[in-house]
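Notes to accompany the following structure.
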Amino acid sequence: MLQTDTPNVVYPHVYIHVPFCGRRCSYCDFAIAVRKNVPVDSFVRAVMAELVMREIALDATSLRTIYLGGGTPSKLGGPGLARLIDEIGRSAGVDKFSTFSGHREITIEANPEDITSQSAALWAAAGVNRVSLGVQSFDPGALEWMHRGHGAAAPRQAVQSLRAAGINEISLDLIFALPAAVRRDWTRDLAQALELRPTHLSLYGLTVEPKTPLGRWTARGDVVEAPEERYAAEFMEAHEQLRGSGFEHYEVSNYCLPGHRAQHNSAYWSGVPYLGLGPSAHGFDGSTRRWNAPAYAEWASRVGRGEDPREGDELLTQSERDSEQVYLGLRTSGGLPLRENELTTVAPWIEQGWAAVTEGTLRLSAQGWLRLDAIAATLTSIRSRS
Ligand code: SF4
C-alpha cells in the first residue's frame, strides 16, 4: 500500500513538472504532453489541488527555491506561468515573490521561441529571477535534426528580452557529441553561447534512448552515434574554453561564473528534502523518495478525483544512502570524504590525473568526470563490503 506524505516535513525546495511541449525533440524520452493548445487553467488548478490534497504546508521563511522544469514551462505563457508562481506564493503566505524580502531563487526552464518582452516582464513581476534556456545549438541544420522549435537567432532575442525585464541569471543548455553526419561545429556553438554572456551553462552529451525518433534512426542504421573519443574530446574542449572564460566547473554537467551556482540543483546534490508536484515529479522528504504518475492525463485525473497521484515510493536503505552519497559527492566539486581503506584504490586515479585528494576529500577532475560511473561503482562496491 502506498504511504501518505510524512506529516510536518518542511520543504525548502519545490519542483513543479510542467509537461507541455509543442513537439517531441528527436532525442527526448522525458514525460511530456505534446499540445498545440496548452490547458493552462486546468493545469494550474491541478498543481494547487495536489498541494492541498497532500496536506503540504509551504512556509515562506523556509522556502529557498522554486524550480519549474519540464517539458517546457514557458508553454504556460506569460500570464499562466505568473499565476502558477503567484498561487504557490500565496499558499506559502507570500503575496508576491517579487516584493517579498529575502532572496528566493525562482527558476523556469524556457525554450527561446516562447520568450517575448511581454512574457519575460510578467515572469519577472511574479518573482522569476533565473531562466534556464534550452538552446542546445545555434546551428540551423542541427536544430532541425533535433526537431527543436526555434531558429538560430531566437536565443539571442530571448536573452535580450530577459535582460530587458531584469532577469539576469541566465543559464544556457547545450548538447554535445552529436552524430558526425549532422556536421555541427561545436567550437562555433560554444563561442556563440559565450557571446550571450550567460552566468551559467549546462552541457549534456547526447544519449540514444530506445523509444525516441533518434533511437529508431540508430536501430535502423540511419544514424551512427558519436564515438566515445569524440564525446570526450568535445567535453574537454568545452571544459578548457569555459575555464578560460572564468567559469567554474562545479558539477559534472554544470559551469557557472563565481557566485552563480544553481541553488535548486545544488540542493538535489546535497540530499536535502524537496517537494515534487506535477506529473512524473520526484520528491524526497529526508528518508523516502516518491514519484508521481508520469502521464499527464493519469496524473490530472487522479488529482481531479481527489486521489494521491503517487506512482511509487521507496524508503532508502542504509546501503542505498551510502551509494547515493558516493555518487552525489563525486559528481560535484565539493567531493567525497574518503575512508582510510580507500586510499590505495584511489592512488592510480590520482596518478592518471582523474582526481585529487585534499584534506581527506576526493575530488574528480574533468577527466575523472568522464569516468564518473566507473569510479562511483568501484567506491560503492568497497563501501558495501566494509
Ligand atoms: S523541449 Fe525539452 S522536454 Fe520538450 S521534447 Fe524537447 S527536449 Fe523534450
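The values are calculated or read from the model by the stated rules, or taken from the named source; none is laboratory data. Remember, it's a predicted structure, so these values are computed and weren't measured experimentally. So basically every Cβ, Gly included, is an ideal-geometry build from the backbone, and we count neighbours across all protein chains shown. Heads up: the accessible areas ignore ligands, DNA and RNA and are worked out on the full protein's heavy atoms, side chains in. Shrake-Rupley method; radii C 1.70, N 1.55, O 1.52, S 1.80 Å.
Observations
- Any hit, the stretch 55-65, residues being over 13 Å from Gly278 (Cα atoms), within 14 Å of the ligand (Cβ to nearest atom) and of a type in the set (Val, Ile, Thr): no
- Among the conditions (1) buried (at least 16 other Cβ atoms within 10 Å of the Cβ); (2) in contact (Cβ under 8 Å) with a residue 40 or more places away in the chain; (3) touching a strand residue (DSSP E or B) at 6+ places or on another chain (Cβ under 7 Å), Ser333 misses just one, which is (1).
- Residue match in the stretch 6-16 (condition: assigned to a loop (DSSP other than H, G, I, E, B), among the hydroxyl-bearing types (Ser, Thr, Tyr) and either within 16 Å of the ligand (Cβ to nearest atom) or open to solvent by 20 Å² or more (accessible area, probe 1.4 Å) (or both)): yes
- Of the strands (runs of 3 or more DSSP E) entirely within the stretch 192-269, none holds at least 1 residues that are among the aliphatic types (A, V, I, L, M), over 16 Å from the mean Cα position of the chain (by Cα) and crowded, with 17+ Cβ neighbours inside 10 Å.
- Any hit, the stretch 100-112, residues being assigned to a helix (DSSP H, G or I) and touching a residue at least 24 places away in the same chain (Cβ under 8 Å): yes
- Residue identified as more than 25 Å from Val9 (Cβ to Cβ) and touching a Pro at 6+ places or on another chain (Cβ under 7 Å) among Leu81, Leu63, Leu76: Leu81
- Close pairs (6 angstrom Cβ cut-off, 6 or more residues apart or separate chains): assigned to a loop (DSSP other than H, G, I, E, B) in the stretch 113-136, within 16 Å of the ligand (Cβ to nearest atom) anywhere: Ile115/Ala158; Val128/Ile108
- Test for Leu63: is it within 30 Å of Thr212 (Cα to Cα), touching a residue at least 24 places away in the same chain (Cβ under 8 Å), aliphatic (A, V, I, L, M) and surrounded by 21 or more Cβ atoms within 10 Å (Cβ to Cβ): no
- Within the stretch 66-98, considering residues that are among the hydroxyl-bearing types (Ser, Thr, Tyr) and open to solvent by 10 Å² or more (accessible area, probe 1.4 Å), the one modelled with the highest pLDDT: Tyr67
- Sub-9 Å Cβ pairs linking a first residue in the stretch 152-163 that is within 18 Å of Val128 (Cβ to Cβ) to a second residue that is modelled with pLDDT under 95, at least 6 apart or interchain, are Ala158/His150, ordered by first then second residue.
- When each of Arg290, Arg243, Arg302 is tested for being out of contact with any helix residue (DSSP H, G or I) (no Cβ under 8 Å at 6 or more places or on another chain) and touching a residue at least 60 places away in the same chain (Cβ under 8 Å), the lone residue that passes is Arg290.
- Glu307 of a type outside the set (Ser, Thr, Tyr), open to solvent by 70 Å² or more (accessible area, probe 1.4 Å) and more than 18 Å from Gly70 (Cα to Cα): yes
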